[in-house]
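Peer 1: Here's a structure for you.
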């Protein structure tokens, strides 16, 4: 995923500054000063019309970083008050995303558009190819009637001058369930009754206007109070930071966690149970089963795809089993899932054994603020070692391979990323009650698997290679 | 002539702020410059502490010169500039 372009760099910088502010003598005042520290008087204005707008946008990003909704900001409340409220909060806010309307470009609505390149040719292939009669001529050039246009794009491919372009709205186009739409002012809004938390809008918006509400301050408070805080790292964390996963464990202990567990060990439990469930369903004559580890997919099935629900495995997620074990082994501890994506924030809020969810970027910000050099850390061993298959859960094909290793009758197929198309495809399988040449559908919300999550730090390809090296050193899963 | 040395900082700050994406330089540089340029990942070079901190990370050093907000393109441009200067 991440190449760390400017807007992602900005979001990370805010998180680092928040963690540093927390460590300072006066948290509230340091938070208030973040927009001024990032854009001091007289500094160049890199992105917006003026320094005041830049600071206003940074202020909103700080509000999201403190875990609050920017939509409900009245613009009068000081950042000091937000900082105070973040410290006083017992539970994080339920909706995991927020939109920064000041940063939203209010992109022109999605449509097909004839550009100045149109030569007004005699052949007019755009007109003849349009099945909807949407193209007319004005002042010697083609024009499209938006009321008639069905966006089939036939005219785009027919034009010999490539003069017809599609204007896209990245957040809307990438949302698989049409949960993000423009309000009356043309600015993006999320309908949380529809949102499945897949994080596609976060990754898609080039203005960085969609923010995760961070639980970083909640975590920092627990660490400061000296509570026993146990981290549970997603399998996809391998390759997201320098060094080995055992060095990362030591680095996290230095950052203040009391213990670190691999959620891959929970994935082993998921694989064992899901293989048994799969075999039982096949015996009963079910045409296929889908996996259930991706939180975005579980939300998709619950909100938008009632047809698929009977086919979704009822086995718990790797996080579910890992958190259950952590709470048993460390009674009364605070458990924190370290996540590649926003979808798991929704799952974490619903799971009584998961207290907080911090994403990879937020953990990275914590390391930077505390000056933890991962490459300087010794390796330390996990209490529970995970299997090769469990550690491969974060990569597309990994979940089906794990179940297949225990259930040889599995013939998997893969949904590699939830998109408008794959949602249609899944609905089709459910309505038909069959999936061609397949009896196990592995569903990954993100392309490439969890390693492609919205909050990952490394490029998917590089991360997959590094995970592969760890898998080669890991033991096979036992039934 | 001595090889031009390129050091990619894989300290925590640089990695988190974008050096993860610079790992492909380890393949690109030998392919493009052969034995004229050497490239290696490095422990924290300390630029995030010495200079204007993390906001300009990731840092890459090209022949001792620090490239801030480093990208693949910026590093290749810095190498070209250094090689041209060395030839003069």
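Peer 1: If residue A:363 passes every condition in (1) more than 14 Å from every other protein chain (Cβ to nearest Cβ); (2) out of contact with any helix residue (DSSP H, G or I) (no Cβ under 6 Å at 6 or more places or on another chain); (3) outside any loop (DSSP other than H, G, I, E, B) but one, which one does it miss?
Peer 2: The number of the failed condition is (1).
Peer 1: Going by what's in this entry, would residue A:405 be described as farther than 30 Å from residue B:18 by Cα and touching a helix residue (DSSP H, G or I) at 6+ places or on another chain (Cβ under 6 Å)?
Peer 2: yes
Peer 1: From A:35, A:108, grab the single residue that is within 14 Å of another protein chain (Cβ to nearest Cβ) and over 22 Å from residue A:358 (Cα atoms).
Peer 2: A:35
Peer 1: From A:465, A:461, which residue is within 14 Å of chain B (Cβ to nearest Cβ), free of Cβ contacts under 8 Å to residues at least 24 places away in the same chain and closer than 30 Å to residue A:211 by Cα?
Peer 2: A:461
Peer 1: Could you list, in sequence order, all residues of the stretch B:42-54 that are crowded, with 19+ Cβ neighbours inside 10 Å and within 10 Å of another protein chain (Cβ to nearest Cβ)?
Peer 2: Across the stretch B:42-54, the qualifying residues are B:44, B:48, B:54.
Peer 1: Would you mind finding the one in A:470, A:431 that is more than 15 Å from residue A:312 (Cα to Cα) and touching a residue at least 40 places away in the same chain (Cβ under 8 Å)?
Peer 2: A:470
Peer 1: Next question, about the same structure. Could you pull out the residue among A:451, A:443 that is within 14 Å of another protein chain (Cβ to nearest Cβ), under 19 Å from the mean Cα position of the chain (by Cα) and not in a loop (DSSP other than H, G, I, E, B)?
Peer 2: None of the other options fit; the residue is A:451.
Peer 1: Please state which one of A:443, A:415, A:451 is assigned by TED's automatic domain parsing to the domain that holds residue A:313, surrounded by 24 or more Cβ atoms within 10 Å (Cβ to Cβ) and touching a strand residue (DSSP E or B) at 6+ places or on another chain (Cβ under 6 Å).
Peer 2: On inspection, the qualifying residue turns out to be A:443.
Peer 1: Just checking, does the stretch A:367-379 include any residue being facing chain B (nearest Cβ under 10 Å) and under 21 Å from the mean Cα position of the chain (by Cα)?
Peer 2: Within the stretch A:367-379, one or more residues are facing chain B (nearest Cβ under 10 Å) and under 21 Å from the mean Cα position of the chain (by Cα).
Peer 1: Would you call residue A:389 away from chain B (no Cβ under 14 Å), within 21 Å of residue A:238 (Cα to Cα) and surrounded by fewer than 22 Cβ atoms within 10 Å (Cβ to Cβ)?
Peer 2: It is false that residue A:389 is away from chain B (no Cβ under 14 Å), within 21 Å of residue A:238 (Cα to Cα) and surrounded by fewer than 22 Cβ atoms within 10 Å (Cβ to Cβ).
Peer 1: May I pose another question? Within the set of pairs 6 or more residues apart or between chains, which connect a residue that is free of Cβ contacts under 8 Å to residues at least 12 places away in the same chain and more than 10 Å from every other protein chain (Cβ to nearest Cβ) inside the stretch A:13-28 to a residue that is part of a helix (DSSP H, G or I) and buried (at least 19 other Cβ atoms within 10 Å of the Cβ) with Cβ atoms less than 7 Å apart?
Peer 2: A:24/A:30
Peer 1: Determine whether the stretch A:51-62 contains at least one residue that is more than 27 Å from residue A:95 (Cβ to Cβ) and more than 14 Å from chain B (Cβ to nearest Cβ).
Peer 2: Looking through the stretch A:51-62, at least one residue is more than 27 Å from residue A:95 (Cβ to Cβ) and more than 14 Å from chain B (Cβ to nearest Cβ).
Peer 1: Shifting gears a bit: State whether one or more residues within the stretch A:128-148 are under 35 Å from the mean Cα position of the chain (by Cα) and part of a loop (DSSP other than H, G, I, E, B).
Peer 2: yes
Peer 1: Still on this structure, I have one more. Can you tell me which residue is surrounded by the fewest Cβ atoms within 10 Å (Cβ to Cβ) among those in the stretch A:41-69 that are in a loop (DSSP other than H, G, I, E, B) and modelled with pLDDT of 95 or more?
Peer 2: Top of the filtered list is A:69.
Peer 1: In addition: Among the residues of the stretch A:179-212, how many are part of a loop (DSSP other than H, G, I, E, B) and either modelled with pLDDT under 95 or crowded, with 18+ Cβ neighbours inside 10 Å (or both)?
Peer 2: Going through the stretch A:179-212 one residue at a time, the tally reaches 16.
Peer 1: Let me ask something else about it. Name the single residue, out of those in the stretch A:102-143 being in contact with a strand residue (DSSP E or B) (Cβ under 6 Å, 6 or more places away or on another chain) and at pLDDT below 90, that is nearest to residue A:169 (Cα to Cα).
Peer 2: A:108
Peer 1: Same structure, new question: Is the stretch A:443-466 home to any residue that is under 21 Å from residue A:286 (Cβ atoms) and modelled with pLDDT of 95 or more?
Peer 2: Yes: one or more hits.
Peer 1: Modelled with pLDDT under 95 and either touching a helix residue (DSSP H, G or I) at 6+ places or on another chain (Cβ under 6 Å) or not in a helix (DSSP H, G or I) (or both): which single residue out of A:384, A:336 fits that description?
Peer 2: Every option except A:384 fails the conditions.
Peer 1: Does the stretch A:205-215 contain at least one residue that is more than 27 Å from residue A:21 (Cα to Cα) and not assigned by TED's automatic domain parsing to the domain that holds residue A:447?
Peer 2: Yes.
Peer 1: Filter the stretch B:1-35 for residues that are more than 14 Å from chain A (Cβ to nearest Cβ) and surrounded by 15 or more Cβ atoms within 10 Å (Cβ to Cβ) and give the result.
Peer 2: B:4, B:6, B:29, B:33
Peer 1: Now for a different question. Quick check on the stretch B:56-72: of everything there that is buried (at least 19 other Cβ atoms within 10 Å of the Cβ) and touching a helix residue (DSSP H, G or I) at 6+ places or on another chain (Cβ under 7 Å), which residue is farthest from the other protein chains (Cβ to nearest Cβ)?
Peer 2: The extreme case among them is B:62.
Peer 1: Which of (1) closer than 21 Å to residue A:217 by Cα; (2) at pLDDT below 95; (3) in contact with a helix residue (DSSP H, G or I) (Cβ under 7 Å, 6 or more places away or on another chain) does residue A:72 not meet, given it meets every other one?
Peer 2: Answer for residue A:72: the failing condition is (3).
Peer 1: Still on this model: Residues that are farther than 27 Å from residue A:239 by Cβ: list the helices (runs of 4 or more DSSP H) wholly contained in chain B that include at least 2 such residues.
Peer 2: Per the criteria, B:72-87.
Peer 1: Same structure, new question: Determine, yes or no, whether residue A:76 is surrounded by fewer than 16 Cβ atoms within 10 Å (Cβ to Cβ) and either part of a loop (DSSP other than H, G, I, E, B) or under 24 Å from the mean Cα position of the chain (by Cα) (or both).
Peer 2: yes
Peer 1: Of the conditions (1) within 29 Å of residue A:219 (Cβ to Cβ); (2) buried (at least 22 other Cβ atoms within 10 Å of the Cβ), residue A:274 clears all except one; give me its number.
Peer 2: Unmet condition: (1).
Peer 1: Given (1) assigned to a helix (DSSP H, G or I); (2) farther than 18 Å from residue A:224 by Cβ, identify the lone condition not met by residue A:86.
Peer 2: Residue A:86 satisfies every listed condition except (2).
The values are calculated or read from the model by the stated rules, or taken from the named source; none is laboratory data. These numbers were taken from a predicted model, which means no experiment stands behind them. As a convention, Cβ positions derive from the backbone with ideal geometry for all residues, glycine included, and neighbour counts pool all protein chains shown.
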